[in-house]
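For reference, the structure is listed below as structure tokens.
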Amino acid sequence: MPIFMDRHFLEGTSPAEVAQAHRMDIDIQDRYGVKFLTYWFDERRGTAFCLVDAPDMATVQCVHREAHGFVANEIVEVALSAVEAFLGRINDPDPAPGQSSPQMDPGHRAILFSDIVGSTEMTARLGDRMGTELVRAHDAIVRRCLGKNSGREVKHTGDGIMAAFSATTAAVECAMAIQQEFQHYNSGNNAQPIHIRIGIDCGEPVEDSNDLFGSTVQLAARLCAAAASDQILVSENIFREYGAADLFAHATRRRLKGFAKPVLAFRCDWANARRQVS
């Protein structure tokens, strides 16, 4: 059977009420031949997301309607591998030691894209073997920074990496660490430096009937493509959620492919942030 993720607008609903609704879905799921795998609840934004194995979307709504009345506002079909890559799990989480119930994950994610600047020209100039070695160097640095900042690699893009973060702050900190690592790498590798660009946006799993994190992934990718060498561009969502306005500068509205209106983008002043830390 296909796998679906739905979104519910539940402003004013408590985590206990959402947990009870999930249990009520499970209580009657066998009658409909479905299986509710897990859910995410973002109390601050008033949204809940259910992951369910079901024959079709209508059946998912029937279970919700009979169990508790909280019908979904949107439903999209998803791949389990994508859910696990972005969100980290496809089953209900276990409680942490000493807790009676698990801490609820809101499902909100920051999406980061890295990209090697001029990779095609670099490979043509240096040859496939050296080009591949430089991509491997990029991958090693980025993956090391992801590991240190709780990032999850979603996929490799050929000359870059797409990653997901549970916390917006972690995504920005990781992006700055990546640029700092490449600055250090380039200072000791005068023969062939590697320069990268990074784009970051954040959002919810189901967005206006798009694919999983559809518009968030698209905007993060477009911001990455629009960034200059050694630059980090972030969305207005990231700027608002990070909570340190002095880190971001030169906000500009940019026309990005796939977006009807100009998008407000902020440049992360990672070099200055490093000097302040030092």
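For region 3-87, the solvent-accessible area of protein heavy atoms averages 45 Å² per residue (probe radius 1.4 Å; ligands and nucleic acids excluded).
With N set to the residue count of region 161-204, report its C-alpha Rg divided by 2.2 N^0.38 Å to two decimal places. The reported ratio for this selection is 1.37.
Over all Cα atoms in the chain, the spread is summed up by Rg and Dmax: 20.9, 67 Å.
For the chain, a Gaussian network of Cα nodes joined below 10 Å ranks 262, 15, 205 by mean-square fluctuation, and the top entry is 262.
Given +1 at the Cβ of Lys and Arg, -1 at the Cβ of Asp and Glu and no other charges, the dipole of the chain around its Cα centre is 1120 debye to the nearest 20. Each other residue within a Cβ distance under 13 Å of residue 136 adds +1 if Lys or Arg and -1 if Asp or Glu, for a net charge of -1. If the segment from residue 11 to residue 228 were pulled out straight at 0.36 nm per residue, it would be longer than the present Cα-Cα gap by 74.1 nm.
Computed extension length for residue 183-residue 259: 24.1 nm, one decimal, from 0.36 nm per residue of separation with the Cα-Cα distance subtracted. Placing a label point 7 Å from the Cα of residue 192 along the Cα-to-Cβ direction, the residues of region 100-131 whose backbone N falls under 14 Å of that point are 117-131.
Dividing the convex hull volume of the alpha carbon atoms of region 20-68 by its residue count gives 71 Å³ per residue. Between 247, 87, 51, the residue with the greatest mean-square fluctuation in the GNM of the chain (Cα pairs under 10 Å linked by springs) is 247. In region 1-119, taking the dipole from charged Cβ atoms about the Cα centre, the farthest positive-side position among 114, 86, 39 is held by 114. Here, P(r) means the percent of Cα pairs in each 10 Å bin from 0 to the largest distance; for region 185-278 it is 15, 42, 29, 12, 2. One compactness figure for region 109-268 is 1.01, namely its Cα radius of gyration divided by 2.2 N^0.38 Å. Going 7 Å from the Cα of residue 121 in the Cα-to-Cβ direction, what parts of region 198-235 have a backbone nitrogen less than 13 Å from that spot? Counting only backbone N, you get 229. Every Cα-Cα pair in region 3-87 was counted, and those over 14 Å apart are 59% of them.
What's the longest bit of the chain with no exposed GluC sites (Glu not before Pro), using DSSP loop states and at most 16 other Cβ atoms within 10 Å as the test? The reported range is 44-278. The stretch between residue 74 and residue 136 holds 18.3 nm of extra length on full extension. This uses 0.36 nm per residue minus the Cα-Cα distance.
The values are calculated or read from the model by the stated rules, or taken from the named source; none is laboratory data. The model shown is predicted, which means the values in this text are computed figures rather than measured ones. As a convention, Cβ positions derive from the backbone with ideal geometry for all residues, glycine included, and neighbour counts pool all protein chains shown. The area values use the complete protein model at the heavy-atom level, side chains included, leaving out ligands, DNA and RNA. Shrake-Rupley method; radii C 1.70, N 1.55, O 1.52, S 1.80 Å.
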